[in-house]
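Colleague: Take a look at this one; I'll ask things after.
The values are calculated or read from the model by the stated rules, or taken from the named source; none is laboratory data. This is a predicted model, so every value here is computed, not measured. Neighbour counts are summed over all protein chains in view; Cβ atoms, including those assigned to glycine, are modelled from backbone coordinates with ideal geometry. Remember, those area values only see protein heavy atoms, side chains included, never the ligands or the DNA or RNA. Shrake-Rupley method; radii C 1.70, N 1.55, O 1.52, S 1.80 Å.
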Amino acid sequence: KGAVLHLHVDAQLTGEFMIKTATYDSACFVCGGDVSTEVKNITFRFFEENAVNESLCSTGWRRVTTLREKSMNRDEFDLMLSKSMAIYLEADEKYEDVFPTVNSAWNSFQPIFFVMSGLFLYRPYHEVYAEESMRILSEDNVQYVELRANLVDFVLYEKNQTEHRDNIDVFLEIWEKAARKYGI
């Protein structure tokens, strides 16, 4: 029997998985940065068709599928998006040079959760995320999981921008359903 203790809900799946499963939805938009060359300080959000809430982004929301289509190389575009959700070092960089202290590494790591939050907190996608998380754990023969989540900041939303402010029930329903499916 296997158990995973102290597993953070928002840090289970790779950026690559999130890019491939969330950003190909035509309702997915990105805010900030020049996504074609730079991926720092971006965030994602899903909107209903023709109902983009510009007040949530001072630089203007751009549809990710459109940006991908306009890019010279779709795989490179996806790699750039993935880099916004992980710490990447160039081939000639050494970890100790880029991150001389634990705090410098932590300061690079923390913004990743902001970037991912717009994907992760979209309720329909959160269901996909939870199911994939439980599927992977099940493949590793995990039978018990202790999940951690900051439910104060953890506000799921819908495409129409309705937020689940009292989200504990919604959160538990999503994760319990996924866990039951895989016998966890």
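Colleague: Between (1) -0.36, -0.75, -1.18, -1.35; (2) -0.36, -0.78, -1.37, -1.63; (3) -0.54, -0.72, -1.07, -1.28, which matches log10 I(q)/I(0) by the Debye sum over Cα atoms at q = 0.09, 0.13, 0.17, 0.19 Å⁻¹ calculated for the structure shown?
Modeller: Among (1) -0.36, -0.75, -1.18, -1.35; (2) -0.36, -0.78, -1.37, -1.63; (3) -0.54, -0.72, -1.07, -1.28, the one derived from this structure is (1).
Colleague: Under 10 Å, Cα contacts only: if you run a Gaussian network model on the chain, which one of 56, 81, 89 comes out with the highest mean-square fluctuation?
Modeller: With Cα springs under 10 Å in the chain, the top fluctuation among 56, 81, 89 is at 89.
Colleague: May I ask you to give the solvent-accessible area per residue for the stretch 10-79, in square angstrom, as obtained with a 1.4 angstrom probe?
Modeller: Accessible area per residue: 55 Å².
Colleague: Could you do me a favour and compute the accessible area per residue for the stretch 84-181, 1.4 Å probe, result in Å²?
Modeller: Computed with neighbouring chains in place, this is 62 Å² per residue.
Colleague: May I ask what percent, to the nearest 5, of DSSP beta bridges between residues of the chain are antiparallel?
Modeller: Around 55 percent antiparallel, to the nearest 5.
Colleague: Quickly estimate the mean residue ellipticity at 222 nm for the chain, helices only: each DSSP H run with n ≥ 4 gives -39500 (n - 2.57), and the total goes over all residues, rounded to 500.
Modeller: Mean residue ellipticity at 222 nm (helix-derived): -12500 deg cm²/dmol.
Colleague: Using a Gaussian network model on the chain with a 10 Å cutoff between Cα atoms, which of 142, 30, 155 fluctuates the most?
Modeller: Maximum among the listed residues: 142.
Colleague: For the chain, modelled as a GNM with alpha-carbon contacts under 10 angstrom, which of 54, 131, 158 fluctuates the most?
Modeller: 54
Colleague: What Cys residues in the chain have no fellow cysteine's beta-carbon under 4.7 angstrom?
Modeller: 28
Colleague: Could you look at the chain and say what percent of its accessible area is carbon and sulfur, using a 1.4 Å probe and all protein chains?
Modeller: 50
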